[in-house]
2 protein chains.
Amino acid sequence: MKRLIGNAVVGQSGGPTAAINATLAGVIRGVKENVHDGSIRTLYGMRNGVEGLLDERLVDLTELFADDKKITSLENTPAAALGSCRKKLPDPEKDTEVFEKLLAIFRKYDIRYFFYIGGNDSMDTVAKLSAYTRGHDYEMCIMGIPKTIDNDLVVTDHTPGYGSAAKYIAVTMQEILRDCAVYTTKAVTIVEIMGRDAGWLTAASAIGRDISGHGPDLVYLPERNFSMSEFFEDLKNILEDHPNVVVAVSEGIHFADGTYVCEGTSSGAVDVFGHKALSGTGKALELAVKAELGCKVRSIELNLPQRCAAHIASKTDIDESVCVGREAVRAASEGVTRQMMTIERVSTKPYVTRISHSDVSEIANKIKWVDDRFINERGNNVTDECVEYLVPLIMGETAPEYDRGIPVHITI
Amino acid sequence: MKRLIGNAVVGQSGGPTAAINATLAGVIRGVKENVHDGSIRTLYGMRNGVEGLLDERLVDLTELFADDKKITSLENTPAAALGSCRKKLPDPEKDTEVFEKLLAIFRKYDIRYFFYIGGNDSMDTVAKLSAYTRGHDYEMCIMGIPKTIDNDLVVTDHTPGYGSAAKYIAVTMQEILRDCAVYTTKAVTIVEIMGRDAGWLTAASAIGRDISGHGPDLVYLPERNFSMSEFFEDLKNILEDHPNVVVAVSEGIHFADGTYVCEGTSSGAVDVFGHKALSGTGKALELAVKAELGCKVRSIELNLPQRCAAHIASKTDIDESVCVGREAVRAASEGVTRQMMTIERVSTKPYVTRISHSDVSEIANKIKWVDDRFINERGNNVTDECVEYLVPLIMGETAPEYDRGIPVHITI
């Protein structure tokens, strides 16, 4: 590993989270702290990820965040302050044009460090750029820093951004449970939670169960095939016990034949990565339950606030998000490259973690499912072991600054 | 006015809010404070409003809340801890059966004070009970205490519960605006906000505008007829200026002929008070905009969290909610009856209010619309005067107790 001298660039990519700016703040802090050893001089921010980088839309973050107080505000600002993109790079073995263009920009700005904060699709970008630059004479350090509310990256114990989304979901579920408990008439409330592939976010809806004694009656994750007849059976059994049934479902639940539950109401559109655009799982179930049971049924889609509700962020998550950003800079300045930062869990009680890194090419384009031991046998709830595992991730509250009742956000 | 000696009963009715338990806490505090003058002995809570009262499902709150710390927890618990109902009482001049039954229960438990916390429909209950008991030899003090996130009760400047819902909406809108700003592609985001009749909640989505400089581009309230062609025109104009348009709409917006925008997607069902059950206004607009503009469009229904997100309650609202409950007891113990508690605004800058009360029969079944001066000429946004008026209501943050990342709620 060789220490490179030059400038650095950082970008944010993929869906925003409540914690992705905390990681950006961590990178900025890392550069400020490491600036003395001279390896990194200026830190540029690319607007809208690699899309903006290709247009040379760069901003000097070293200058912009000279004031430490602004970095703290950035930590409490949701969404990607630099802007984001959903650009998929081609296979560098088949099409090198875009990579040549990127390399020319790196040379032009003397950029030797590339930090990319994102989820699965962004790690694909990092892996491809890593592969392309491997054979080149222009030496570079390329680092992926994970963020995704989906928590579906392999190798890392969990992903920055997940804890805050999980806390929003866990807290909101507790509030919905209180709301649903006020009437005596039979009613089914279906809460649709994000999660196309993995059920981590939906699992978070049960976190409060062991703390308050109240949790959703049924929890369905995409890791198990969904059966409408079993669902009806479960509902009827619970309704005999108490009138207000609350159900948490992942948007991505599907039947045994692979058809999504929302298929009927989906637009059929796919995004640039080929993922089906899903919506309406809760609505589809609402209509099905209404037809079968005839009782009051409503569906609630938690929607965007899951990824941007910074006012109820998890302090653990924000602290870890800052930490992976800062550690990425430290590792890079020591010559580490082509790696994604990871969080290793040393122990759950007490909660102890260690920041590390791992080969990005072995992380990109893989999905980490919810463990079998975290889903009960019938596939209609999570286990106590799951809740125990998740609790530390939502612990602690941040203290954002408020101005006349509104949290202060920062824009770049 | 005559001072009555006896027991009291308190109930919660209608849709839950983040602040209705704060008012219940205020009533409990009021009774504890006034208990020395001997007018009120035991405070009963009726489970599920008058519905539970008719079944004599009573709980002794004096005993249950002997510990002050439990009252504080109650203040930070969303939804109606006593349970709620949506029972409509008959006209006491035509059907006295239920009133006779209630009176028998009042006599049995020596109840001389009746406190009912609720919105418009609950004030109908209070007004009818007030009218029925007027001619009776069993003297009673009957008090309505307002709560509704809708803020649509007349006489009072605003209603307890509105400020917290408004804060949730204002804060969430700021977070959604940050989230929507990350991409460069043209996109329209439609945020559907509660409000069947009045647009107060939707107006709250603009509160952050003067604080952060960012607000929804378009705001449509039910106080103005909605025109799809003007909406398309407005959207196109804004999209020429910037790519991410955010629109706030009340669920109850309607065309000039009175048809609701969601009519096509509504179930057509009506509740016991004859109100149409609305849903899908955002979805209906999403489909219309997609067909007209062809760009990316999504709709977000803020849904239940609007009325139960106690974790982001307005401190001003919670304090006022406690206050109206406490003052209702004080007024009642001085002989005031057949009144609804009100909040008078003395001044906006600085924000000063006075707690008072007014004849409930002149409040029930009326609707307070958003003032004309609060809506701009084109009817597609609120005025700065509106924002100035609303800001004080969302000021201040509460400090709920957390246990392992989850706010502590109390159940009765």
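Take the range B:306-320 and flag every residue that is crowded, with 24+ Cβ neighbours inside 10 Å and either more than 13 Å from chain A (Cβ to nearest Cβ) or modelled with pLDDT under 95 (or both).
Listed by number, the list holds a single entry, B:Glu320.
Which condition does B:Asp210 not pass, out of (1) of a type in the set (D, E, K, R); (2) within 30 Å of A:Glu401 (Cβ to Cβ); (3) modelled with pLDDT of 95 or more, if it passes all the others?
(3)
Within the range B:176-192, is there a residue that is out of contact with any Asp or Glu (no Cβ under 6 Å at 6 or more places or on another chain), touching a residue at least 24 places away in the same chain (Cβ under 8 Å) and closer than 13 Å to B:Asn381 by Cα?
no
I'd like to check something: does the range A:134-153 contain any residue that is among the charged types (D, E, K, R), closer than 27 Å to A:Leu64 by Cα and within 12 Å of the chain's Cα centre (by Cα)?
So far as the range A:134-153 goes, yes, one or more of its residues are among the charged types (D, E, K, R), closer than 27 Å to A:Leu64 by Cα and within 12 Å of the chain's Cα centre (by Cα).
Within the range B:94-102, does at least one residue satisfy the condition of being acidic (Asp, Glu), closer than 22 Å to B:Leu58 by Cβ and surrounded by fewer than 22 Cβ atoms within 10 Å (Cβ to Cβ)?
Yes - at least one qualifying residue is present in the range B:94-102.
Looking only at residues in the range A:37-61 that are more than 21 Å from the chain's Cα centre (by Cα) and of a type in the set (Asp, Glu), which one is farthest from A:Tyr116 (Cα to Cα)?
At the first step, the residues of the range A:37-61 found to be more than 21 Å from the chain's Cα centre (by Cα) are A:37-44, A:52-61.
Next, from what is left, pick out any that are of a type in the set (Asp, Glu): A:37, A:55-56, A:60.
Working: A:Asp37: 22, A:Asp55: 17, A:Glu56: 16, A:Asp60: 16 Å.
Taking the candidates together, the pick is A:Asp37.
Across the range A:1-57, what is the number of residues that are away from chain B (no Cβ under 14 Å) and either assigned to a strand (DSSP E or B) or out of contact with any Cys (no Cβ under 7 Å at 6 or more places or on another chain) (or both)?
30
Only one of (1) under 14 Å from B:Tyr109 (Cα atoms); (2) in contact with a helix residue (DSSP H, G or I) (Cβ under 7 Å, 6 or more places away or on another chain) fails for B:Ala22. Which number is that?
All conditions are met except number (1).
With the requirement that a residue be within 10 Å of chain B (Cβ to nearest Cβ) and either within 20 Å of A:Gly396 (Cβ to Cβ) or of a type in the set (Gly, Ala, Ser) (or both), what does the range A:286-305 give you?
If the condition is that a residue be within 10 Å of chain B (Cβ to nearest Cβ) and either within 20 Å of A:Gly396 (Cβ to Cβ) or of a type in the set (Gly, Ala, Ser) (or both), then A:Ser299, A:Pro305 are the ones that fit.
Can A:Gly213 be described as over 27 Å from the mean Cα position of the chain (by Cα) and on the phi > 0 side of the Ramachandran plot?
yes
Return yes when A:Thr337 is polar (S, T, N, Q), out of contact with any Leu (no Cβ under 8 Å at 6 or more places or on another chain), assigned to a strand (DSSP E or B) and in the same structural domain as A:Gly118 (by TED's automatic domain parsing) and no when it is not.
No, not satisfied.
Please list, ordered by first then second residue, the pairs with beta carbon atoms under 6 Å, 6 or more apart or interchain, first in the range A:156-168 and away from chain B (no Cβ under 12 Å), second charged (D, E, K, R) and assigned to a loop (DSSP other than H, G, I, E, B).
A:Pro160/A:Lys147; A:Gly161/A:Lys147
Does the range A:182-191 contain at least one residue that is farther than 30 Å from B:Ala165 by Cα and of a type in the set (Ser, Thr, Tyr)?
So far as the range A:182-191 goes, no, none of its residues is farther than 30 Å from B:Ala165 by Cα and of a type in the set (Ser, Thr, Tyr).
Would it be correct to say that A:Arg354 is away from chain B (no Cβ under 14 Å) and among the charged types (D, E, K, R)?
yes
If you check A:Tyr138, A:Tyr116, which single one turns out to be away from chain B (no Cβ under 14 Å), touching a Leu at 6+ places or on another chain (Cβ under 7 Å) and aromatic (Phe, Trp, Tyr)?
A:Tyr138
Scan the range A:357-378 for residues that are surrounded by fewer than 16 Cβ atoms within 10 Å (Cβ to Cβ) and assigned to a loop (DSSP other than H, G, I, E, B) and jot them down.
Scanning the range A:357-378 gives A:Asn365, A:Lys366, A:Ile367, A:Asp371, A:Asn376, A:Glu377, A:Arg378.
Yes or no: B:Thr42 surrounded by fewer than 23 Cβ atoms within 10 Å (Cβ to Cβ) and among the β-branched types (Val, Ile, Thr)?
Details: surrounded by fewer than 23 Cβ atoms within 10 Å (Cβ to Cβ): yes; among the β-branched types (Val, Ile, Thr): yes.
It is true that B:Thr42 is surrounded by fewer than 23 Cβ atoms within 10 Å (Cβ to Cβ) and among the β-branched types (Val, Ile, Thr).
Return a yes/no flag: does the range A:375-387 have any residue that is farther than 27 Å from A:Lys283 by Cα and polar (S, T, N, Q).
no
List pairs: first residue in the range B:232-247 and modelled with pLDDT of 95 or more and surrounded by fewer than 19 Cβ atoms within 10 Å (Cβ to Cβ), second residue among the acidic types (Asp, Glu) and not in a strand (DSSP E or B) anywhere in the structure, Cβ distance under 8 angstrom, at least six positions apart or on different chains.
Close Cβ pairs satisfying both conditions: B:Phe232/B:Glu292; B:Ile238/B:Asp217.
Checking B:Ala81 against (1) part of a loop (DSSP other than H, G, I, E, B); (2) at pLDDT below 95, which test does it fail?
Of the numbered conditions (1) part of a loop (DSSP other than H, G, I, E, B); (2) at pLDDT below 95, the odd one out for B:Ala81 is (2).
Could you give every pair whose Cβ atoms fall below 9 Å, whose first residue belongs to the range A:383-412 and is facing chain B (nearest Cβ under 7 Å), and whose second residue is of a type in the set (Asp, Glu) and assigned to a loop (DSSP other than H, G, I, E, B), counting only separations of at least 6 or pairs across chains?
A:Pro407/A:Glu401
Any residue in the range A:337-345 that is surrounded by fewer than 17 Cβ atoms within 10 Å (Cβ to Cβ) and either modelled with pLDDT of 95 or more or within 14 Å of chain B (Cβ to nearest Cβ) (or both)?
Yes, because at least one residue in the range A:337-345 is surrounded by fewer than 17 Cβ atoms within 10 Å (Cβ to Cβ) and either modelled with pLDDT of 95 or more or within 14 Å of chain B (Cβ to nearest Cβ) (or both).
Given (1) farther than 21 Å from A:Ile149 by Cα; (2) at pLDDT 95 or above; (3) assigned to a helix (DSSP H, G or I), where does A:Cys323 come up short, assuming only one miss?
(1) is the only condition that A:Cys323 fails.
Within the range A:122-137, is there a residue that is polar (S, T, N, Q), under 18 Å from A:Val387 (Cβ atoms) and either surrounded by 24 or more Cβ atoms within 10 Å (Cβ to Cβ) or touching a residue at least 24 places away in the same chain (Cβ under 8 Å) (or both)?
Narrowing the range A:122-137 to residues polar (S, T, N, Q): A:122, A:125, A:130, A:133.
Filter once more, keeping what is under 18 Å from A:Val387 (Cβ atoms): none.
No, that holds for no residue.
The values are calculated or read from the model by the stated rules, or taken from the named source; none is laboratory data. It should be emphasised that the depicted structure is a prediction, and the values quoted were computed from it without experimental measurement. No Cβ is skipped: glycine too gets one built from the backbone with ideal geometry, and neighbour counts run over all protein chains shown.
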